[in-house]
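Quick note: the coordinates plus some simple rules give every number you see, no bench work behind them. None of the values given here were measured: they were computed from a predicted structure. Here the Cβ positions follow ideal geometry from the backbone for every residue, glycine too, while neighbour counts run over all protein chains shown.
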């Protein structure tokens, strides 16, 4: 290791991709963001990536590796196989990127990357046993036990977003019905808004947005103004997510649940109903034992965690 | 360690308690079983235990310790605090037994004891990552990751039996509604029989049994004769349990799920619908990856696993 070594961390999300140049101290020296276009050809993504990475590599001759976090990827093999929310089919992303950039590349699940970043530089520096939940386009999860990430036997652990929720039955992008992320994600909040408008038809400024225009940021804005439909959409999200997490607290008894991703910006609109649902669904002996922590929304820990994959001194 | 050392292993179940004298090779030299009387005073239990243990200690001067497995116990402290299915209130069982028998005592969750026993002597000798499910009076669970048992931050991990099932709403002994073990346990099968008789009223010899007389063994006997009510009760159990386990395979991607406990004697009546429900609820990438293993029904691995707590050479 050299103090002048640099690393590229990439967080491929269902909506946007973040890319950063990181040093050994976890400082982000440069960062970029672009639309992933997950519903279009992967070649568009590669083209956007090349425009950013080639200049970085040419400018910095000590880029030691490229670490990537992405939903649905196999953390052992770097293979994507019809990942939910991505229209990229089956591809060996790790090999493709190695060939393109002639650098060491490592690819892991995005929630795992976030967990590594939080353990190295964020809100999990002191935690041994925790569950990390990322609330973005979809819902990602990573279980950490004795500071080791649970990868699973086939490298495919972490699909908490596709566990089934009680008494609800929305169609999920994975093809199944009733998955948690159909409610507990930025997309889920927007779906709830549309269901509530359809069901309650209470006058709300949210009626001015098409489904394609709607974002969780818009819903949060109106929730902050006291709009009942917006508040109800977050209440639904918090209740469904809290009830499901109670199951996992009952089973794993973690020290903390750490929430990250764009949706945590909703703050109390999300976390008050979530904590209420936890309380209602936890066994007595588990009540008020597990901390709720919220990641720093100004830092992308998935990018940092992906970059740590090539930092020898980091505990990963 | 001395090859002439002996250990007492105890498995306290909601219905029966098993006690065995075990040597370093995991051989059971003597074994006893008695009614736990979990719904009565703990003093009755202590009295029955003393009648068995004092003669053993007097006869064998090299009993090195007493290991105990029990549902709902805190694996870190040995405390019982209003364990579901036990009417014993709050008690420091570990301290009570140490005082009575003047021997080292260690108490852990019964499913954890079974997992340790299976890793040392049973069907998990070759497994690194697996979920153990015990199907007895209730439903116990233990998650093993890199051959380490997940204890939880407060020593209270493993309550898979009290996770919530979708679309079903039976009252559980824990006070909540819709817990998995209200269906997926010996008691759950009996409850299903009564619901099915009430709903279908199809002629069945099971109509000759009161609820207090009904056992899962009786239901299995009639299932083997093709009785539709008995088969439907097992189908319900398998479907509910399989759907829930699919959630945990989606999240943990284990190498195997290992089933133990009295209910596994139901064999295909339980496991055929369970495997069907797994297939229906698993994400595509998780289908047919996780092995289903069934413990040897003739060996009580919880007793052996509890005994291993004092065997230095065992990996625990």
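Before moving on, here are some points about what is shown:
- Equivalent ellipsoid dimensions for the stretch A:127-294 as semi-axes, Å, which come from the Cα gyration tensor, largest first: 28, 17, 14
- Rounded Å value of the spacing that divides the Cα centres of the stretch A:19-40 and the stretch A:158-201: 29 Å
- Sorted peptide list for B:178-191, B:208-221, criterion being average Cβ within 10 angstrom, highest first: B:178-191, B:208-221
- Taking the DSSP bridge list for the protein assembly as shown and keeping only pairs wholly inside it, about 60 percent are antiparallel.
- For the pair residue B:268 and residue B:177, label points projected 7 Å from Cα toward Cβ lie 3.8 nm apart.
- Sorted from shortest to longest, the distances between the residue B:60 label points of this copy and the other copies are 6.3 nm, with each point 7 Å from Cα along the line through the beta carbon.
- Per residue of peptide B:143-156, the mean number of Cβ atoms on other chains within 10 Å of the residue Cβ is 6.
- Largest-first principal axis extents, alpha carbons of the stretch B:228-316, Å: 45, 34, 15
- Of the beta bridges in chain A, as assigned by DSSP with both residues counted there, near 60 percent are antiparallel.
- Here the stretch B:281-307 and the stretch A:58-98 have alpha carbon centers that stand 33 Å from each other.
- The protein assembly as shown: mean projected area of Cα convex hull, nm²: 30.6 nm²
- Between this copy and the others, label points of residue B:200 are 4.3 nm apart in ascending order, each placed 7 angstrom from Cα in the Cβ direction.
- Nearest-to-axis residue in chain A, judged by Cβ distance to the rotation axis that brings A onto B and given in whole Å, is A:166, 2.
- Other protein chain C-beta atoms within 10 Å of residue C-beta, averaged over A:286-292: 2.
- For residue B:211, inter-copy separations between label points set 7 Å beyond Cα along the Cβ vector come to 4.6 nm, shortest first.
- Counting neighbouring Cβ atoms within 10 Å and putting the fewest first, the residues A:126, A:5, A:253 line up as A:126, A:5, A:253.
- Per-residue Cβ neighbour rank within 10 angstrom, fewest leading, A:162, A:286: A:286, A:162
- Both radii come from the Cα set of chain A: Rg as radius of gyration, Rh as Kirkwood radius; their ratio Rg/Rh reads 0.97.
- Once the Cβ-Cβ distance of residue B:39 and residue A:146 is raised to the sixth power relative to R0 = 56 Å, the FRET efficiency obtained is 0.90.
- Between residue B:203 and residue B:224, the FRET efficiency from the beta-carbon distance, with R0 = 30 Å, is close to 0.95.
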